[in-house]
Amino acid sequence: MRWIMEDRVVFSEDFLNRPPSWMVRRGNLIFFFFFILLLLLAYFIRYNEVVEADILVTSENPPVALYSKRRGQLVYMNFGAGQQVDKGGILAVVENPSKWEDVFYLREQLDDTTLTHTLDGLYQKFPSDLELEVGMHMSYQKYLKAYQNYLLYLNLDQEALESKNLDLRLARYKSQIAIKRSQLKTARRNYFLAKQSYDRQQALLGKGVISQQQLDGNEQELLFAQNKVNAIKEELEALQVDTLSLKDLSLKSLNRDIINASSYLSELQLAKQELKGKIDEWENNYALISPVSGTVTVFDIWNNHQQVSQGEHILTVVPYKKARLIGKCKVPIRNSAKIKKGQDVIIKLDNYPYREWGLLEGVVAQMSLTPKKGDDVYYSVYVEMPHLKTTYGKEIEFKQEMMGTAKIVLQEASLLERIFYQFRGLWSDITY
C-alpha cells in the first residue's frame, strides 16, 4: 500500500514538473483569434430582413363582379361565357312588376332628343298602355301631361297671335305716320306760300294799290294754312304716341311668350328627368348593368326563368384595356413600420410554381396610413409590377386576380448588427 502511494507522489511530481504542450501554452491566443474571426464573419455575413404577406396581382382596372340585387327569376338574359359587352349594357333582369320590354322601349325613346310637335306623334311615340310599376307609371303620366301642355301651347299660342296682331297695327300706324309727314310737308309749303302772298299784299296796301278788305282775305288764307299745319302736327304726334304704346305692348307680349314657352319646356324637362330617375332606380334594383367594356366570365350555367337569390354572384366582366399591373398585399402589423416606398418585393405566384417558372419582382408603391380593422388587422400595401417576366426569363400570361405570396425586403443587416440588437434589447429590459 505504501509503494502505491509513493508511485502516485512520483507521478504527480513528474506531471507537475512536465512543461505544458504548445496547445495549452497558446490556447488563449488561439481562442482570441477564433473569437476575432467569428466577429469578422458576423460583420461580413449579411442577409435581408423580409416581411411576408399574401398578394393579389391584378390591374388598375380590375374585373367587376355583378351580383343579383333581388330574389326571383331571370326574365331577361343578354350574356354568355366569353361574350363581349359594352359599358352600360344591360346583361340581365330579375322579375319585377314592370315589363322589361316596355322599360327598355321607354328608355330608348327618352334618350332620343328629337321633340315631337303634334299630339298624334306624341301618342304614337309614347303610348299610354305601357306596363310599368306604380311609381314609374305615375312619373310617366306626369311626363305625358307636361308634354301635352307644351304641345297645346305651341299649337294654340295665343301670345303669338296677339303679337302678330300688334305687329299689323304697328305697320298700319307706320304707314299713317308716313302719310301724315307727307301731308305736313305739303301744309308747310302752303303756309309758306300764303305767308309770301300776305307779305306782298301788305306792301301793296301801304302803296294804296289794294284795299284793306283784300288784305284781310289774304290774312284768312294764311291763318287757315297755319291751322292746317298745327292740326297735322297734332295728328302726327298722336300717331307716334300710339306707335310707342303698341311697341311696348308688343314687347310685353313677346316677353310673355318667351316666359310661357320657357315655363312649359322647363316643366317638360323636369318631368323627363323625374321619369329617367325612376328608370334608373328600376335598373339599379332589378337589372345587371356592365360598368365597363370587357369580356364576360361566368362560373355557373344560367338560363331564362332560372331562380336566383339576393346577393348571388351571376357573372364577372373582365375589362378589355390592360392597365398598369399592381399587387395588393395584406401586411401584418409586425414590422410594418419598416416598410417604405421603393423597397423591393419578391413575388411567388400560386398559379406558377417558382421552382419551375421563377420569381417576379416589384417595388412598394404605397402603403395605407391606417390598418384595416376587423377579424384580421392588417395594412394594405400596393406593389408596382413593371412586367410579368420572371427571374428565369419566362413571360407569364396575365390573368386577373392571381394569388401568391410576397416578400417585402425591408433592409440588409449583418449578423453582428442583429446580435447587437438583441443585447441592446436585453440591456433596455434590465434598465427599465
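None of the figures in this text is laboratory data; all of them are computed from the coordinates on show. Since this is a predicted model, take the numbers as computed values, not measurements. Quick reminder, even Gly has a Cβ in these numbers, built from the backbone with ideal geometry, and neighbours come from all protein chains shown.
The label-point distance for T391 and L244, in a model that sets each label 7 Å from Cα toward Cβ, rounds to 9.7 nm. Each residue in K348, K185 was given a count of other beta-carbon atoms within 10 angstrom of its own, and listing them fewest first yields K185, K348.
Near I314: Cβ cut-off under 12 Å, other residues only, Lys/Arg at +1 and Asp/Glu at -1. The net charge is 0.
Distance from the Cα centroid of the range 333-406 to that of the range 213-236 is 111 Å (rounded to whole angstrom). Straightening the chain between L40 and S263 buys 71.2 nm, computed as 0.36 nm per residue apart minus the Cα-Cα spacing.
Cα centroid separation, the range 140-156 to the range 271-289: 22 Å. Modelled spin-label separation between K142 and T295, with each label point placed 7 Å from Cα along the Cα-to-Cβ direction: 4.6 nm. Count Lys and Arg as plus one, Asp and Glu as minus one, and take only other residues whose Cβ is under 9 Å from that of A271; the net charge is then +1. Put in order of Cβ neighbour count within 10 Å, fewest first, the listed residues W282, W302 become W302, W282.
Taking other residues whose beta carbon is less than 12 angstrom from the beta carbon of L56, and scoring Lys, Arg as +1 and Asp, Glu as -1, yields 0.
Full extension of the chain segment joining A65 with Q84 gains 5.3 nm, where the gain is 0.36 nm per residue of separation less the Cα-Cα distance. The simple Förster model, with R0 at 25 Å and r as the Cβ-Cβ distance, assigns K195 and S175 a FRET efficiency of 0.25.
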